[in-house]
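Structure first, then comments.
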Amino acid sequence: MSHALIDSFLEYLVAERSSPENTLEAYATDLNDFSAFLEGLGVSFTEATEATLEGYTSYCRGRGLKATSVSRRLSAVRQFFRFLIEEELITADPTRHLASPKRGAYLPEVLSREEVERLIASPDIATPLGIRDRAMLEVLYATGLRVSELVGLRLHQVNLHVGYLVCRGKGDKERVVPMGESARRWTTEYLENARPYLAVPTTDTLFCSRRGAAMTRQNFWHALRRYAAAAGILKRISPHMLRHSFATHLLAGGADLRSVQMMLGHADISTTQIYTHLSSVRLKEVHDRYHPRG
């Protein structure tokens, strides 16, 4: 069971974050080490407590691991338990009071507006699958949804007349997000001219696979990579990059931080503030590049 959960987490890292192979190997090594520690205690992942995590920290230090190595392992474990919460396999995070490992400021990579336009225009809209993918890209960029939220949308969660959708995010929290005119138009096109050819009669899933079932995160991620290649985008793209781009472009356009926080579904506004820093960095890069005295 423990190895199956680790494998599911690694698949999640590929689909959500487009994590490179070396990162996946590092997570697998660290989590297998943690799993071996738990097996020695006769404890499963879902039974681990704060005391268990404190014991693991002491165990790592007792083996003479450097502080950076301990921090890296705890970071992997922390991300893993957040995944278990998102998948509703546990209800409380035993790592919530662990001291965060010190690390440098992380600025996520984003797409430019021109790159977004090229990406969204890549699907072949002469086919039902192309119309579906165009609609999915439009909705993803227009709303900043997580890919798991996008593929999990149901028909009743979208109100095209008013122009908003209701999604259920992390912690089973519900939020309302406006869609925008372009996303509304392409979702309508998909519902009228593509979904009837894909969906089975019993499904209420909004975006269906070619077999009529719900799209998976992995399937959408692979499709996204194909479209990025077709659009000539050389960045290592992931669905989360569109979420980062959504937030960064909103703030650069003058949106207030609190509104962006609500649309992204962040519990803490400090999480959203990274995009303010990102916008500042991008502005400085533009200034340095184009100003005659930059």
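Any read-out appearing in this document is the output of simple, stated calculations on the displayed coordinates, not a laboratory observation. All values reported here derive from a predicted model rather than from experimental measurement. FYI the Cβ positions are ideal-geometry reconstructions off the backbone, even for glycines, and counts take in every protein chain you see.
Here are the numbers for this structure:
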quantity: Helix 181-193 vs. the chain, principal-axis angle (Cα, 0 to 90°, nearest 10); calculated: 80 degrees
quantity: For the chain, built as a Gaussian network whose Cα springs stay under 10 Å, the top-fluctuating residue of ALA183, ALA121, ALA99; calculated: ALA99
quantity: SER8 paired with ASN32, simple spin-label distance in nm, labels 7 Å along Cα-to-beta-carbon; calculated: 2.0 nm
quantity: Simple Cβ-charge dipole of the chain, Lys/Arg +1 and Asp/Glu -1, about Cα centre, in debye nearest 20; calculated: 720 debye
quantity: Percentage relative contact order, the chain, counting C-alpha pairs under 8 Å, at least six apart; calculated: 20 percent
quantity: Cut-off of 10 Å, at most 15 other beta carbons, DSSP loop: longest stretch of the chain lacking such trypsin sites (Lys or Arg not before Pro); calculated: 104-172
quantity: Dipole in debye (nearest 20) - segment 135-232, about Cα centre, beta carbon charges: Lys, Arg +1; Asp, Glu -1; calculated: 360 debye
quantity: Helix 50-62 axis, angle to the chain major axis (alpha carbon atoms, nearest 10°); calculated: 60 degrees
quantity: Estimated distance in nm for a label pair at ALA92 and ASP256, the labels positioned 7 Å out from Cα along Cα-to-Cβ; calculated: 3.7 nm
quantity: Highest-fluctuation residue, MET241, MET262, MET136 considered, GNM on the chain with Cα pairs under 10 Å; calculated: MET262
quantity: For segment 196-267 versus segment 77-97, the gap between their alpha-carbon centres in whole angstrom; calculated: 24 Å
quantity: Local electrostatic count, SER238, Cβ distance below 10 Å [Lys/Arg +1, Asp/Glu -1]; calculated: +3
quantity: GLN218 paired with SER112, simple spin-label distance in nm, labels 7 Å along Cα-to-beta-carbon; calculated: 3.5 nm
quantity: Theoretical ellipticity at 222 nm over the chain - DSSP helices of four or more residues, -39500 (n - 2.57) apiece, nearest 500; calculated: -18500 deg cm²/dmol
quantity: Positive minus negative residues near ASP30 (Lys, Arg vs Asp, Glu; Cβ under 13 Å); calculated: +1
quantity: Cα long-axis angle, helix 128-143 against the chain (0 to 90 degrees, to the nearest 10); calculated: 70 degrees
quantity: Selected from SER71, SER19, SER44 as most flexible by GNM, with the chain as the system and alpha-carbon contacts under 10 Å; calculated: SER44
quantity: Sites THR202 and SER69, calculated FRET efficiency, Cβ-Cβ separation with R0 45 Å, nearest 0.05; calculated: 0.35
